[in-house]
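Please read the structure below before turning to the comments.
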Amino acid sequence: MRTVEFHEITMAYRKGEPVLDGVGFAADGGDVIGLLGRNGAGKTTLLRIAMGMLAPQAGAVRLFGLDPREHPLAVKQRVGYVSEDQILPEFLKVAEVIAMHRQLFPSWDETLERRLCERFAVPPGARIRTLSKGQARQVALLCAVAHRPELLVLDEPAGGLDPAVRREFLETAIQLLNEEGTTILFSSHHMTDVERMAGRVVLLHDAAVLLDNPLDELREGFSLALVPVAAVDGERLRAMPGCLGLREQGGAWRAIVREGPAACRERLAAELGVAEARCQSLPLEEMFIELVGGRS
Amino acid sequence: MTARANTAPVARLGWLLLRRDPAWRSLWQVILISAVLGIVIRAGAGAEPPDLGGGPLVTQPGRILAQFVMTWLWFFWATLITNFWTRSSRLALALPLSPRRVWPLRAACQLAMSLLPVALVTLAVAQRGWRGGLPLLDAGTVRLGVRVWGVLALFQLAAQLPARLQHRIPARPAYVAYIAALAAGSLWLTLVSPPHPGFLAGLLGAVLLTGACNWWCLPTTWSLTAGAPAMPVGDSRAGRARDAAGCPPARSEAQPASVMTSPVRRSGGRWLRWRTILGVLHAHPLAVILLLILTYYGFLLVEDLHTPRNMLPFILLAAALLWGVLGQSVGRLHRLDPLPISRSRLFAAAVLPPLACLALGFGAGELRYRVAPYTPTLVGYWDRQVQVPREFWCVAPAGEVPLVRAPWGEAHRPAARPLTRLGGTMLYHPYEHGEASSPAFIDWQIWRAIADVHGVRAPASISDPDRPLSPGYLAAIARGGFTPDASVGLGSAIHARTHALGACLAALGAGFLLAIGLGHWSPRNSSWRRLSTILATGLPVALMIALVIGGASELVDIGAMGALVLILVRNGAEALALPAGVLWALAPVCLVLGLWIAQERFARIEIPPRLSRRRFHEEY
């Protein structure tokens, strides 16, 4: 049984403008999946569908083999969730928020709770409304992980946090859970976070999954081809097998090709007769910009 | 030239700030609610509205006073939603604009927003006819309107006096207490103030003075938070030296992390869960006000059981408020939705507090009738007319109102009350008497009403037109108002059964309506479901507005419509032939059933966060 399965998820907030259109992928225990996409690409919608907070118009989602809308309690007790816009009850004290979560999750680990309390050093007597953004997010993370969830869903968890707090936050999540086989599904705009955390990247674009590859494969199996505009027609280049994105900049075509640099150079020469192409591997952030920038 | 060139951007900026002002953003809601409220009050007052300009409001009868307090609560709410404690938005704070330019715009918006509902309601209530296409207004009511606005404006400006250095006055307990005291004082001042031009002038002078005081005290720039006490310039070096030597060290140096944390309390987890759920759903000003109003309505609804008064409008308003509370709660549930808390618990937390408030008010009202020195009666003689509960009115057979004839031959044909001016079902008040009716006929009608309502036998002597009537009794009839002794302390089986069945039907109906209304938040996978939701919620609202407007323009007779509903329920209760006790016992069962139906729908709704709304409120 897989931890998370999305089958052909379709969702539109306005008729004729799907946010997600036939999106599908799955994750097993121990997978750490980074969900990428531009603003409005449907990342948050997809994560909310996973939590059963939204119902897809078509398709199905299964967590631990269960439909989260049919079995909300059974699913939520096995999931930890932190989102950027999640607001803890601001009138409660930190200790009260923790006590409430302890009540709600049967698998609550008090030893882990104590460890995290010490690590984060958030004053237990402080009211949530008096905490800084970073402290509030740490309390949210504590509440999300102290019951040792089988799936951790993080929706832009580090949004608005400074680099030190962000790193602390993400390392805590990874260290605590991934080594135990917890699946982590997180969305982020910080490519460095994704590169540090994720084992696999799912890129949403134009309401569909544009990429779903292990991070290592992305590093080695993709390249950026720089071809002079005069050397080839853009449409021919776009139609070349493996070309994922294309845009023009500074008199050159910039194409993302699903092949390593050497193989890419050979394919360009063989199929399009382009000898003067320069192919290079590229970091995730560059790939993201090239892919979604070239296709929008 | 330069000055003119600069004027346009400043005007555009002013317009931008105005449009982003919370007061402006709530404009259409305030206009709509105030217009409907004004029309309802005017329609309820009938052909002879009370004279509101004769003296302080406290001298008015209790019902008028109660109605005024309810209306004032709406005015107060319209003032609250301007967020008057915020002097400037964060956007304006970051712009090169001095507080003395930003605050007047914001204050003008707030004052206009408190003026608008008062003006609309006053216009509707003061209207006494038309001349040349313009409404004829009652001067006393208009003066009262000006007085109410003056007091509200004074309240609003006085509420901005504290924390003058900050762009937003922090909602600390002391400030909340200050606002509560100001609000109570404002209401008191409105109720006791005389309709004297001198008082009005003094009031407007106080408004101007407070506004000027606010303006004068504005700082050169606002701060986001309360600043530290200013340090004299000469002390700054000493201060820095103190920082280096005497300030407590950073936490990591002085205190190990473990010292900062303490074991979390283990007890009271369940209570904490409920406290959190209830706090998230109901601990905000709008919910608290709605719950207080619901309690008050529950208190008023008791009159429907013990007096001939028809409280149908209050029942409708209570239903609308219940909707409001539930809508507010659903809008706040996104905070709790990711947690493993069952929807049935959330539903209970959303629905039970308003119902409990209604029940609490009802209980308090019932207690008032048991403790109070006066005894309510189901049959009364007020406004020169016999008063009975509306279910004792009759439907005219074949549209013809029969003649009511006393044994000695004196007769009167009650006025026909068609449901609409265009015709349709005709109702009449069978115990009515004419202006020329004799005291003996009036007494006969009163006794007939008592016999029918309470199921008692009238004395045989009432058939005699020459029976002796005491001078006191005759004087009371001539005065046009008294409580018949024969009705005191008597119940009515028909009345009790009608209301018990009405409670059962209302409980079931509320559940169905709630379930249909919750479809608004249901998954968006069915166009038909959306359409049915719009129809199910839109049609009753349209019907209510049509009734209110129709009632005000006398196109429909709201009183007769209410009576027809009660007559139908009475007929149903008589057809069921169950005792009132059994029906009252069934009412909670119906309530549970109705809520179960609604809860089934609630379990499947989507609760997305209201991102746009929150962003807007964070700014102000």
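The values are calculated or read from the model by the stated rules, or taken from the named source; none is laboratory data. Since we're looking at a predicted model, the values are computed, not measured. Every residue, glycine as well, gets a Cβ built from its backbone with ideal geometry; the counts of neighbours run over all protein chains shown. In case anyone asks, the SASA skips ligands and DNA or RNA and just uses the protein heavy atoms, side chains included. Shrake-Rupley method; radii C 1.70, N 1.55, O 1.52, S 1.80 Å.
Observations
- For region A:14-57 versus region B:72-118, the spacing of their alpha-carbon centroids is 41 Å.
- Per atom type, region B:277-382 shows carbon and sulfur on 74% of its accessible surface, probed at 1.4 Å.
- Stokes-Einstein D (µm²/s) once Rh is taken as the Kirkwood radius of region A:114-207 over alpha-carbon pairs, at 25 °C in 0.890 mPa s: 174 µm²/s
- 222 nm mean residue ellipticity, helices alone, for chain A (DSSP H n ≥ 4; -39,500 (n - 2.57); rounded to 500): -10000 deg cm²/dmol
- For the protein assembly as shown, a simple Cβ point-charge model (Lys and Arg +1, Asp and Glu -1, everything else neutral) yields a dipole of about 1940 debye relative to the Cα centre.
- Dipole of the protein assembly as shown computed with +1 at Lys/Arg Cβ and -1 at Asp/Glu Cβ about the Cα centre; of B:112, B:490, B:367, farthest Cα towards the positive end is B:112.
- What the Cα atoms of chain A give is an Rg and a Dmax of 21.5, 70 Å.
- For region A:181-296, accessible area per residue (1.4 Å probe, heavy atoms of protein chains only), Å²: 42 Å²
- Each Lys or Arg adds one and each Asp or Glu subtracts one; over the other residues with Cβ under 15 Å from the Cβ of residue B:469, this totals -3.
- Across the protein assembly as shown, the convex hull enclosing all Cα atoms gives 267 Å³ per residue.
- Net charge dipole size for region A:107-218 [Lys, Arg +1 and Asp, Glu -1 on Cβ; Debye, nearest 20]: 660 debye
- Projecting the Cα positions of A:46, A:143, A:131 onto the charge dipole of region A:1-150 (unit charges on Cβ atoms of Lys, Arg, Asp and Glu, taken about the Cα centre) puts A:131 furthest along the positive direction.
- Filtered GluC sites (Glu not before Pro), region A:161-242: DSSP coil and at most 11 other beta carbons within 10 Å: none
- Size of region A:72-150 from its Cα atoms: along the principal axes, largest to smallest, the extents are 33, 27, 18 Å.
- For region B:305-408, GluC sites (Glu not before Pro) are listed when DSSP marks them as loop and at most 11 other Cβ atoms sit within 10 Å of their Cβ; the list is B:400.
- Neighbours of residue A:59, meaning other residues whose beta-carbon lies under 13 angstrom from its beta-carbon, give a summed charge of -2 when Lys and Arg score +1 and Asp and Glu score -1.
- Cα-centre dipole for chain A with unit charges at Cβ (Lys and Arg positive, Asp and Glu negative), debye to 20: 660 debye
- Farthest toward the positive end of the dipole of region A:11-98, out of A:13, A:35, A:77, is the Cα of A:13, where the dipole comes from beta carbon charges about the Cα centre.
- Restricting the calculation to Cα atoms, region A:165-254 yields a radius of gyration followed by a Dmax of 17.5, 54 Å.
- Under 15 Å, Cβ to Cβ, from residue B:306 - net charge with Lys/Arg +1 and Asp/Glu -1: +1
- Anisotropy class of region A:31-106 from Cα gyration tensor, a/c 1.5 cut: oblate
- Of all DSSP-defined beta bridges confined to the protein assembly as shown, some 70% are antiparallel rather than parallel.
- Tail fraction, Cα-Cα pairs, region B:399-448, threshold 18 Å, whole percent: 33 percent
- Anchor residue A:76: aspartates and glutamates whose Cα lies under 17 Å away (excluding residues fewer than 8 positions away in-chain): A:5, A:67, A:109, A:150, A:155, B:337, B:606
- The simple Förster model, with R0 at 35 Å and r as the Cβ-Cβ distance, assigns residue B:58 and residue B:416 a FRET efficiency of 0.35.
- Where only C-alpha atoms are counted, convex hull volume of region B:305-408 per residue in Å³: 192 Å³
- Direction-averaged projected area, Cα convex hull, region A:110-268: 12.4 nm², rounded to one decimal.
- The Cα center of region B:164-206 and the Cα center of region A:80-110 differ in position by 41 Å.
- Taking the centroid of alpha carbons for each part, region A:232-265 and region B:475-519 are 80 Å apart.
- One quarter of the convex hull surface built on the alpha carbon atoms of region B:360-399 amounts to 4.7 nm², the projected area averaged over directions.
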